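Below is a structure I'd like to ask you about.
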């Protein structure tokens, strides 16, 4: 699961958006969310190879989006899948939806998002020092994160010294992020099961279907107008299959 945030007009003012709130109450009023196409791994059939599966997408709350992908998953045979996986970037709303609608599914944090968290910290610790950043990443990414040694990574981060209060806070935040998602970052274990560890397909889908059309320079949308275009984009991207991003009233 992932999202894009096209600009919408004042009708969404006051509605919660990309902020931390309690379980299942984060409203994604300015987000067009798209779920991963290969939602359920099954043996391909001739018809399945000819028609791409639909992309569920709409500007709606996380709770509404959760219901949308739940229905879509069951249509695609979720109950018959031998291995069930939910992948996300580590955002709490994604795991909230996974726990509610897909209990028991393997949860995986996209490896490249996790790496980006380390790169952000490396740039803070070694500003204007690319060589220092690469050395730091070699230890913390290649030897720890990529090998699924998250507990050791957390210890290493919390042992990192800095005199800058902002950097100290960044270290604390990132250490908490990795600690919270440790069981979702066992990448060698996931690879041995032949599971995806990257969400590139989701990212590409969001960018191609949503971002390239709704986030052009100077664009502002009403929720109803944006959802109408999203529905058409979803229809067009799935080679004439049914529209899955139904327009909603603004």
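Read-outs throughout are calculated quantities, based only on the coordinates presented, and are distinct from any laboratory measurement. Predicted model only: the values in this text are computed from it and were never measured.
Under the 0.36 nm per residue contour assumption, what length would be gained going from the current alpha-carbon distance of residue 83 and residue 208 to full extension?
Contour length minus the Cα-Cα distance gives 42.2 nm.
Just subtract the alpha-carbon distance of residue 119 and residue 158 from 0.36 nm times their residue separation and send over the number in nm, one decimal.
12.4 nm
Hey, another quick one. Can you compute the radius of gyration and Dmax for segment 111-189, using only the Cα atoms, both in Å?
For segment 111-189, the Cα radius of gyration and maximum Cα-Cα distance read 11.8, 37 Å.
Over segment 85-128, consider all pairs of different Cα atoms and compute the Kirkwood hydrodynamic radius from their mean reciprocal separation; express it in Å, one decimal.
Over segment 85-128, the inverse of the mean reciprocal pair distance is 11.7 Å.
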